[in-house]
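**Student:** My structure is below; once you've seen it, I'll send some questions.
Read the figures in this text as sums done on the coordinates, not as results from a lab. These numbers come from a predicted model, not from an experiment. In this analysis, Cβ positions are derived from the backbone assuming ideal geometry, glycine residues included, and neighbour counts consider all displayed protein chains.
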Amino acid sequence: MHRHLVKSTLVAGAALAVLAACGTQSGERTSQAHGTKAAVPAPPEKKPVEGLPGMPPVLDPEDVYAADRPNKLSPVVKDFPSRVYVPNTESDTVSVIDPKTYEIIETIPVGRQPQHVVPSWDLKTLWVNNNRGHTLTPIDPKTGKAGKEVEVHDPYNLYFTPNGKYAVVMASLDRELVFRDPHTMERKKTVPVSCYGVNHADFSLDGRYFIVSCEFSGELLKVDTEKMKVVGQQRLPFEGAMPQDVKVSPDGKKFYIADMMAHGMWVLDGDKFTEPTLLPTGKGCHGLYVSRDSREMYVSNRGEGTISVFDFTQDKLTKKWRLPDGGSPDMGGVSADGKVLWLSGRYDAEVYAIDTRTGTQLARIPVGSGPHGLAVYPQPGRYSLGHTGIFR
């Protein structure tokens, strides 16, 4: 046989062997046991989410928190110093904590009764909600310096629409949702509500609506984001209900509402706005914070000094951490690396740092009187929806 024929035969034989081992281009493989061919199914494509006009695209239709992975900081905030900003409602100050040393490095005077420290939609500003002072104090997170106060009536809490078009002021005692310019805070539209004590909210996966808790009348609202209109309202099925924080599940199918009088979380279908069911967590259930891997949610039980851990994948509570010497864990956030949960001690003039892997208390830091909605900053995410840091 000629040499070139031998070479061609060897090459052809090798090619056939590769095809036999790996299957055809269409994804078929030969069964070693039976010599049959079985199709390998391609992974199903995730249907893209048609979001609110102008909203950044949803990264993962099955995980609204996909942008919040450990240390995945936006270029806007990557050079900001890591700090914990604590509004002291009865001291009219913000305590600034260095999370590495657990020490207060500055105390910033602000307006009357600061309730929450809120990251702006564009991540560039922290707004202190001076509820009874009827002002917002801007803090530059790059320098830590406070700017000139902006007049805003009854700013109990503050959110931003997912497209960054409006700030939404939760005017609790005024019984209003006030849509404002997100930079100047100029009033654009006022939406009167019939419930009492609007305070917390979260947005749907597509950003087209948000669910609002009404603390003093035990009700929930569903608001159309684009139309700026209340499209649903219901009273919670519990006498004396007092709903607080609101969080949407990673897949966007459920909303969780903390209730400090029902001592648990209400769970409902946001799209259908169904009647919610109660999942007991602990006395004074108050704040809800999602882990960096989107698997768990930390639930602060202010009335008993504990934190419950809810597993989204198992759809159940799996752990309960108890603060040594008790406490009143309230509002806060998770560190950029996901390793520490920071919570204010509302009735104890202190802040808690808790290890998210073990539930161990890492630090207990004295601050001003009535610490409330503290913000850990910066955090991962492309933009902020408000409160103490809801990032997408």
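**Student:** Specify the inter-centroid distance of segment 188-243 and segment 62-109, based on alpha-carbon positions, in whole Å.
**Tutor:** Spelled out, the Cα-based centre of one part sits 27 Å from the other.
**Student:** Along Cα→Cβ, 7 Å out, is where each label goes; now give me the distance between the ones at residue 315 and residue 360 in nm to one decimal.
**Tutor:** Taking the simple label geometry, residue 315 and residue 360 are separated by 3.5 nm.
**Student:** Give me the orientation-averaged projected area of the Cα convex hull of segment 297-363, in nm², one decimal.
**Tutor:** Mean projected area for segment 297-363: 4.4 nm², to one decimal.
**Student:** Something else now. Subtract the Cα-Cα distance of residue 322 and residue 60 from 0.36 nm times their separation in residues, and report this length gain in nm to one decimal.
**Tutor:** Working: separation 262, 0.36 × 262 = 94.32 nm, distance 3.42 nm.
Extra length from residue 322 to residue 60 when fully extended: 90.9 nm.
**Student:** Angle between the Cα long axis of helix 3-22 and the longest principal axis of the chain, 0 to 90 degrees, nearest 10?
**Tutor:** 40 degrees
**Student:** Rounded, prolate or oblate for the chain? Axes are the square roots of the Cα gyration tensor eigenvalues, ordered a ≥ b ≥ c, and the cut-off for rounded is a/c under 1.5. Display every interim value, and only then the final one.
**Tutor:** Working: a/c = 2.05, a/b = 1.91, b/c = 1.07.
Judged from the Cα gyration tensor, the chain comes out prolate (a/c at least 1.5, a/b above b/c).
**Student:** In whole percent, what relative contact order does segment 216-315 give with Cα contacts below 8 Å and a gap of six or more residues?
**Tutor:** Relative contact order, segment 216-315: 17 percent.
**Student:** Which of the peptides 331-341, 96-106 is most tightly packed, and how do the rest follow, judged by the mean count of other Cβ atoms within 10 Å per residue?
**Tutor:** Sorting 331-341, 96-106 by mean packing, highest first, produces 331-341, 96-106.
**Student:** Moving on. Which value in nm describes the separation of the simple spin-label points at residue 107 and residue 269, placed 7 Å from the Cα toward the beta carbon?
**Tutor:** 5.2 nm
**Student:** Could you work out the relative contact order of segment 85-150? I mean the mean sequence separation of Cα pairs under 8 Å and 6+ apart, divided by the number of residues, in percent.
**Tutor:** Working: 149 pairs, mean separation 14.8, N = 66.
The normalised contact order for segment 85-150 reaches 22 percent.
**Student:** With Cβ to Cβ distances under 13 Å as the rule, what net charge do the other residues near residue 155 carry (K, R +1; D, E -1)?
**Tutor:** -1
**Student:** Hey, for a label at residue 47 modelled as a point 7 Å past Cα toward Cβ, could you say which residues of segment 205-242 have their backbone N under 15 Å away?
**Tutor:** What the label zone holds, given the 15 Å backbone N cut-off, is 205-206.
**Student:** May I pose another question? Taking the simple approach of a point 7 Å from Cα along Cα-to-Cβ for both residue 78 and residue 295, what is their distance in nm?
**Tutor:** Here the answer is 2.7 nm between the modelled labels.
**Student:** Another question, then. Restricting to Cα pairs below 8 Å that are 6+ residues apart, what does the relative contact order work out to for the chain? Please round to a whole percent.
**Tutor:** 15 percent
**Student:** Could you tell me the calculated FRET efficiency between residue 122 and residue 194, based on Cβ-Cβ distance and R0 = 35 angstrom, to the nearest 0.05? Present the calculation step by step, with values, prior to reporting the outcome.
**Tutor:** Values: r = 33 Å, r/R0 = 0.94.
Efficiency at R0 = 35 Å is approximately 0.60.
**Student:** Just to confirm a number: summing +1 for Lys and Arg and -1 for Asp and Glu over residues other than residue 193 whose beta-carbon lies under 14 angstrom from that of residue 193, what do you get?
**Tutor:** -1
**Student:** Per-residue counts of other Cβ atoms within 10 Å, averaged by peptide: what ranking do you get for 57-67, 192-202, highest first?
**Tutor:** 192-202, 57-67
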